[in-house]
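Remarks on the structure that follows.
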Amino acid sequence: MTYERTIPRQGDMRVEATLYTSDRLPVEADALRQLRDACRIPTVVRVLATPDIHVGFGVPIGCVMATEGVVLPAAVGYDINCGMRVLTTNLRSEETDTARLARSIRGDVPLGEGKRNVPMDRADFLEVLRSGVPVLRELGRTDHPAWEHLDPEEEALTSGHMEDGGSLPGDPSALSERALERGQYQLGTLGGGNHFIEIQSVEKVEDPVAAAAWGLFSGQVVVMIHSGSRGLGHQVGDEYMALARSRRYFEPHPSKELCYMPVDSPEGRRYLGAMNAGANLAFANRHLLAALVRKALLEHHPEARVSLLYDVPHNIAKKELHGGRELWVHRKGATRAFPGSRMAGTPFAETGQPVLIPGSMGTRSYLLRGIPENEVALCSANHGAGRRLSRTAAAGVIRRGDGKILRPGAITDEDFRRAMEGVHLICEDRASIKEEAPQAYKDIGAVIEAVRGAGLAEVVAVLRPLAVLKG
């Protein structure tokens with residue numbers, strides 16, 4: 001089976017596109033149209049799609065594109081640095097009451113949209129936006145339980161376990177007051193949609209050498225956290241996409257959704273500073289969520305040791321060196337997957353970067369490692385399974401007031417129940433939870449087969465879900 005397709009240049013496309021997929025994975029026609037639009041950017045060098053490709057805004061989710069000298073807010077998206085974090089423990093799943101643990105986490109972490117949790121005054125919040133995770137250790141705050149569970153010994157080891165050390169050069173002055181208002185009180189909250197905290201068990205180790213280096217063992221309890229930059233990131237995306245549309249550099253633009261700015265223009269510099277500030281918020285948010293997970297674990301298992309395996313963004317644009325050229329690599333719904341040679345000075349110089357690919361609640365997730373063969377794909381891999389059904393198609397339309405079904409969805413209550421057997425589910429919004437049902441997503445097994453077949457990454461371990469917290 002072939003796992004690589006080429007979309008040839010046609011019309012005003014500047015480059016061809018590469019699609020990493022297989023015959024087992026559906027791809028929407030509109031997603032391919034958006035991929036071709038990405039190939040029309042004047043300074044574009046490379047465009048590719050990962051196996052979880054599906055329709056997004058401007059470009060597909062699962063799109064990676066490299067440009068020279070321009071940045072595209074729509075190729076980053078609304079949830080800047082939406083990303084993944086995996087925590088390892090010394091606990092075994094057969095000895096852990098994961099349902100009870102999930103309820104404890106729920107007591108400390110607000111689920112769903114528009115929630116507040118860890119208080120922060122404006123001065124401290126601006127420092128977080130400017131510097132990300134490292135500044136959390138310096139704030140000296142004691143007004144929330146999260147601060148008590150930033151383990152000093154663990155904190156000293158975290159930098160090499162986060163992409164960019166959890167810190168990018170943020171510019172809070174590039175943010176509107178509305179963006180600041182939306183983000184200031186949302187630290188330590190999960191969010192809605194596809195964001196989650198999942199308690200998992202290592203079901204299978206496929207690469208014993210890398211697993212040992214990462215502290216993984218069969219039957220181990222691990223925790224996966226998926227969250228982003230909350231309301232602030234959405235506001236940044238909205239405002240700067242509108243700004244890019246209004247400036248209209250380098251006419252014509254491929255579409256009204258996919259507009260761009262030179263990185264050395266005033267608008268481009270401001271966007272990069274605002275994007276980095278949003279990314280720092282997301283890094284800090286996942287760091288505080290991890291502290292609250294540690295709190296719950298220690299309440300039930302005082303002997304627990306909790307360590308950060310890795311934290312990786314999947315909505316970001318960064319300058320990277322590829323083929324001897326400095327390029328602006330935009331990853332939207334895609335994760336960096338560096339081989340060991342690009343991880344010098346980190347704990348992953350021998351194994352390659354951890355690549356964190358969740359399935360959907362009710363299905364397996366995967367820990368993989370970056371490999372040298374992936375240089376051809378800009379050292380990138382997919383960020384998940386990818387949607388097969390839209391939210392409306394999956395869950396239907398339900399009237400909020402009385403719960404009346406206005407349009408039935410493709411997934412029945414019985415379908416959902418069967419898919420979630422054996423998994424303890426805690427969710428904020430049961431009326432819309434079927435939007436995130438396993439059946440709404442592509443087959444994660446087929447996705448991982450394409451990842452391996454295309455040479456994007458190698459599997460280290462397979463994780464089975466035990467308990468899921470959703471917005």
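FYI, it's all coordinate maths here, none of it is from the lab. Note that the coordinates shown come from a computational prediction; the quantities given were computed from them, not determined experimentally. Glycine also receives a Cβ, built like all others from the backbone with ideal geometry; neighbour counts cover every protein chain displayed.
The table below lists the values:
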| quantity | calculated |
| --- | --- |
| Geometric extent, Cα atoms of the stretch 1-138 - Rg, Dmax (angstrom) | 21.1, 61 |
| Eligible lysines near residue 204 by straight Cα distance, threshold 24 Å, same-chain separation 8 or greater | 442 |
| Rg to Rh, two decimals, where the stretch 327-471 supplies the alpha carbon set and Rh follows Kirkwood | 1.07 |
| Local electrostatic count, residue 176, Cβ distance below 13 Å [Lys/Arg +1, Asp/Glu -1] | -2 |
| Distant alpha-carbon pairs in the stretch 227-316 (separation over 23 angstrom), percent | 43 |
| Whichever lysines have a C-alpha closer than 16 Å to that of residue 470, once near sequence neighbours (fewer than 8 apart) are set aside | 115, 434 |
| R0 of 25 Å, Cβ-Cβ distance residue 153-residue 213: FRET efficiency to nearest 0.05 | 0.80 |
| Packing-based exposure ordering (other Cβ within 10 Å, fewest first) of 182, 24, 122 | 122, 24, 182 |
| Residue 355 long-range amide H proximity, modeled H, under 5 Å | 368, 369, 370 |
| 3J(HN,Hα) from dihedral phi, the stretch 169-180, Karplus parametrisation 6.51/-1.76/1.60, rounded to Hz, x for glycine, proline | x, x, 10, x, 5, 8, 9, 6, 4, 5, 4, 4 |
| Antiparallel bridges, percent of DSSP beta bridges restricted to the chain (to nearest 5) | 90 |
| Kirkwood Rh (inverse of mean 1/r, distinct Cα pairs), the stretch 225-274, angstrom | 11.8 |
| For the stretch 295-300, 3J(HN,Hα) per residue [Karplus equation, 6.51 cos²θ - 1.76 cosθ + 1.60, θ = phi - 60°, Hz, x = Gly/Pro] | 4, 5, 4, 6, 5, 9 |
| Residue order, fewest to most beta carbons within 10 Å, for 316, 433 | 433, 316 |
| Partner lysines for residue 318 [C-alpha distance under 21 Å; skip if fewer than 8 residues away on the same chain] | 332 |
| Burial ordering of 195, 301, 287, fewest other beta-carbon atoms within 10 Å first | 301, 195, 287 |
| The chain, helix-only ellipticity at 222 nm - DSSP H runs n ≥ 4, -39,500 (n - 2.57), divided by all residues, nearest 500 | -8500 deg cm²/dmol |
| Size of charge dipole - the chain - debye, nearest 20, with Cβ of Lys, Arg +1 and Asp, Glu -1, no other charges | 1180 |
| Overall form of the stretch 65-166 per C-alpha gyration tensor (a/c, 1.5; a/b vs b/c) | prolate |
| Surrounding net charge for residue 24, when Lys and Arg each add one and Asp and Glu each subtract one, Cβ distance under 14 Å | 0 |
| Cβ-based charge dipole, the chain, positive-most Cα from 322, 213, 386 | 386 |
| Label-to-label distance, nm, for residues given as residue 305 and residue 123 (7 Å Cα→Cβ offset) | 3.9 |
| Interatomic Cα distance distribution for the chain, bins of 10 angstrom, percent | 4, 21, 32, 28, 12, 1, 0 |
| Rounded to whole Hz, the Karplus (6.51, -1.76, 1.60) HN-Hα couplings of the stretch 121-135, x for glycine and proline | 6, 4, 4, 5, 4, 4, 5, 4, 5, 6, 10, x, 4, x, 6 |
| Global geometry of the stretch 408-471, whether rounded, prolate or oblate, following the gyration tensor of its Cα atoms and the 1.5 cut on a/c | prolate |
